[in-house]
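Colleague: Provided herewith is a single structure, encoded as structure tokens, for subsequent inquiry.
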Amino acid sequence: MTPTVVPGAARTARRFRGSRRTAVSWLFLAPFTLVFLLYTAIPTVAALGFSLTDLRGTDLRNPFAVEFTGLENYLRLFQDESFLRDILNTALFVAVGVPLTMGIGFALAVALNSGIRRLRRTFRIVFFAPVVTNIVAVALIWQYAFNADGTVNKVLGALGFAGPNWLDDPNLAMPVVILLGVWRNFGTAMVLFLAGLQAVPQDVYEAASLDGAGRWRQLRHITLPLLLPTTLMVSVLLTVFYLQVFDEPYLLTNGGPLGSTESVALYTYHQFGSGEFGMSSAASFVMLVLVMLVSIVQFRLLRPRA
């Protein structure tokens, strides 16, 4: 005798199994969801609210005295000459740091992929070491090296040149800070480009060689087009880093001299440190909008096309 299946009972069983799978899924997602809410979503919403008020450090004892000011903090930001100068400084970080970091990383990736044969693994470790090196220790070394009596000036003196005081000169401090950022990040670009190069099929290069294409033509017509997705990823990652650059100017110059190396992120930090919580929150959201706009432009320009 075949068992009789009740349609309603079958639907109930399916719903029960679906509900159980959903409950198990949410159970696995719960740790991430909790961390995301506590450390990302709630602070972001709170910061957005703070940016629309006149919240200051003196208001912490009497939070109900805070007044809603709307977009006043944002208007004050774009009337602040220091903030406008810091936007230009940050743009300079991006305009110089991103191409320089990508160029060095790409050149090293090509060399490690095809040119360097011996000790290839050792070179990879050496070139990637700056990425994982403690930035505080590195900044102390750079401060000593670019001091008036530091290593760089001693080398210049041995060559017959009088070395300047790099970190106290408004015209020279910025190149030193950018150079530290490039030194710190070219290893990341190198590893990503190297992964992209190793994913290119060797058959394509062999066919191009048989057709008489040299190294430069292969680089221009094969390597660069096939690396476009990798180039987009590296460009976006580095641009986001340089738009939010903080460690290098803070540790080397603290934004000086005369604000010549202060970035938007460092401006936000200084505003927060002086108790201007509303202004600091507004500056952080301006930086967020800048990151989004630049990323959208990069995706438009560098996205792979059929």
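The values are calculated or read from the model by the stated rules, or taken from the named source; none is laboratory data. As the structure is a prediction and not an experimental result, all values here were calculated from the model. Using ideal geometry, Cβ is built from the backbone for each residue, glycine included, and neighbour counts are taken over all protein chains shown. Note: areas computed on protein heavy atoms with side chains; ligands, DNA, RNA excluded. Shrake-Rupley method; radii C 1.70, N 1.55, O 1.52, S 1.80 Å.
Colleague: Given a Förster radius of 45 Å and the C-beta distance between ILE125 and TRP26 as r, what FRET efficiency does 1/(1 + (r/R0)^6) yield to the nearest 0.05? Working shown, then result.
Modeller: Working: r = 42 Å, r/R0 = 0.94.
Efficiency computed from Cβ-Cβ geometry: 0.60.
Colleague: While we're on this one: I need the calculated FRET efficiency for the pair ALA162 and ALA137, taking r as the beta carbon distance and R₀ as 41 Å, to the nearest 0.05. Provide the component values of the computation, followed by the final result.
Modeller: Working: r = 29 Å, r/R0 = 0.71.
Efficiency for this residue pair is about 0.90.
Colleague: Work out the length of the dipole vector of the chain about its Cα centre, built from +1 on the beta-carbon of each Lys and Arg and -1 on the beta-carbon of each Asp and Glu, and round it to the nearest 20 debye. Mind showing how you got there, number by number?
Modeller: Numbers: 23 positive and 17 negative charges, 427 e Å.
Charge dipole, the chain, about its Cα centre: 2060 debye, nearest 20.
Colleague: Also, I was wondering about something else. What does the charge add up to near PHE246, with Lys and Arg as +1, Asp and Glu as -1, over the other residues with Cβ less than 15 Å from its Cβ?
Modeller: Details: positive: ARG184; negative: ASP86, ASP247, GLU248, GLU262.
Once positives and negatives cancel, what remains is -3.
Colleague: Given 0.36 nm per residue, what is the gain on full extension from VAL289 to MET233 after removing their alpha carbon distance, in nm? Each step should come with its number before you reach the end.
Modeller: Working: separation 56, 0.36 × 56 = 20.16 nm, distance 1.90 nm.
Computed gain between VAL289 and MET233 is 18.3 nm.
Colleague: For the chain, what does -39500 (n - 2.57) per DSSP helix run (n ≥ 4), summed and divided by total residues, give at 222 nm, in deg cm²/dmol to the nearest 500? Write down the numbers at each step before the final one.
Modeller: Working: 14 runs with 204 residues, N = 306.
Dividing the helical sum by the residues of the chain leaves -21500 deg cm²/dmol.
Colleague: Turning to a different aspect of this structure: Suppose a student asked you for the relative contact order of region 78-302, using Cα pairs under 8 Å spaced at least 6 residues apart; what percent would you report? Present the calculation step by step, with values, prior to reporting the outcome.
Modeller: Details: 241 pairs, mean separation 64.9, N = 225.
So the answer I get is 29 percent.
Colleague: Taking amide H positions as placed in the peptide plane 1.01 Å from N, state which residues far from THR53 in sequence (5 or more) or on other chains have amide H under 5 Å from it.
Modeller: Residues meeting the amide H criterion: THR69.
Colleague: Could you state the number of Å between the C-alpha centres of region 258-284 and region 116-142?
Modeller: Here the two parts' Cα centres lie 31 Å apart.
Colleague: On a full-extension model of 0.36 nm per residue, what is the gain between ALA148 and ARG300, subtracting their alpha-carbon distance, rounded to one decimal in nm? Mind dumping the intermediate values first?
Modeller: Numbers: separation 152, 0.36 × 152 = 54.72 nm, distance 4.50 nm.
Residue separation times 0.36 nm, minus the Cα-Cα distance, leaves 50.2 nm.
Colleague: For mean projected area of the Cα convex hull in nm², several values are listed as (1) 30.1; (2) 13.9; (3) 18.6; flag the one computed from this structure.
Modeller: Here the calculated entry is (1).
Colleague: Report the paramagnetic label zone for ARG215: residues of region 96-134 whose backbone N is under 20 Å from a point 7 Å from Cα along the Cα-to-Cβ axis.
Modeller: In region 96-134, the label zone of ARG215 (backbone N under 20 Å from the point 7 Å along Cα→Cβ) covers 103-121, 123-124.
Colleague: Follow-up question, since we're still on this one. Give the shape of region 57-183 as rounded, prolate or oblate, defined through the alpha-carbon gyration tensor: a ≥ b ≥ c are the square roots of its eigenvalues, a/c under 1.5 means rounded, and otherwise the shape is prolate if a/b is larger than b/c and oblate if not.
Modeller: Details: a/c = 2.44, a/b = 1.72, b/c = 1.41.
It is prolate, given that a/c is not under 1.5 and a/b is the larger ratio.
Colleague: Whole number in Å², please: accessible area per residue of the chain, 1.4 Å probe, ligands, DNA and RNA not counted. Kindly include the intermediate steps, with their values, before the conclusion.
Modeller: Numbers: 18910 Å² over 306 residues.
Per residue, the chain has an accessible area of 62 Å².
Colleague: Would you mind getting me the FRET efficiency between PHE36 and PHE246? Use the beta-carbon distance for r and R0 = 22 Å, nearest 0.05.
Modeller: Working: r = 23 Å, r/R0 = 1.03.
Plugging the Cβ-Cβ distance into 1/(1 + (r/R0)^6) gives 0.45.
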